[in-house]
Amino acid sequence: MQKNVVCWADIAVLDLDRAMEFYSKVIGTKLMKVEAPDGIFAIFPHDDCGVGACLSAEAKPSENGALVYLDVTGFIDEAAARIPEAGGKILKPKTKICEYGYRVIFIDSEGNRVALYSAPEEGCCCCK
């Protein structure tokens with residue numbers, strides 16, 4: 001079996017530019033806008049072998065759908081602090097998730113429920 005079962009995530013948006021600005025502020029990195037035959041997307045940085053994600057206007061945002069976790073290991077507190085100033089809302093503040101690390105659940109600028117994730121300092125047991 002492959003290392004990551006999940007290989008990609010599309011985060012639904014209403015306004016691509018606004019969502020790009022929101023996520024760039026929160027995670028502190030630029031997204032790449034890509035024009036494809038079936039639409040325009042904003043892709044999060046990722047390596048070719050890892051899990052990737054993009055912002056897409058193909059679906060309607062929801063706070064009731066799947067929960068996508070964005071890895072902000074090493075700077076979860078800083079990323080969470082930027083959520084309100086970027087136009088989002090914290091639903092659940094930083095919480096320990098057993099031995100797996102920490103998460104912050106929030107509503108993004110588009111109305112999606114999303115999570116920030118940080119591995120524990122000693123490393124994630126599932127990544128060893």
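Looking across the stretch 83-99 at every residue that is without any contact (Cβ under 8 Å) to a residue 12 or more places away in the chain and under 17 Å from Glu121 (Cα atoms), the one that is surrounded by the fewest Cβ atoms within 10 Å (Cβ to Cβ) is identified as Cys98. Within the stretch 64-82, is there a residue that is farther than 22 Å from Thr95 by Cβ, free of Cβ contacts under 8 Å to residues at least 60 places away in the same chain and of a type in the set (Ser, Thr, Tyr)? Within the stretch 64-82, not a single residue is farther than 22 Å from Thr95 by Cβ, free of Cβ contacts under 8 Å to residues at least 60 places away in the same chain and of a type in the set (Ser, Thr, Tyr).
Here the condition is being within 17 Å of Leu31 (Cβ to Cβ), touching an Asp or Glu at 6+ places or on another chain (Cβ under 7 Å), surrounded by 14 or more Cβ atoms within 10 Å (Cβ to Cβ) and aliphatic (A, V, I, L, M); of Val51, Val68, Val114, it holds for Val114 alone.
Each value in this text was obtained by applying a stated rule to the coordinates, not by laboratory testing. Being a predicted model, the structure only gives us computed values, none of them experimental. Note that each Cβ is placed from the backbone with ideal geometry, even for glycine, and that neighbours are counted across all protein chains shown.
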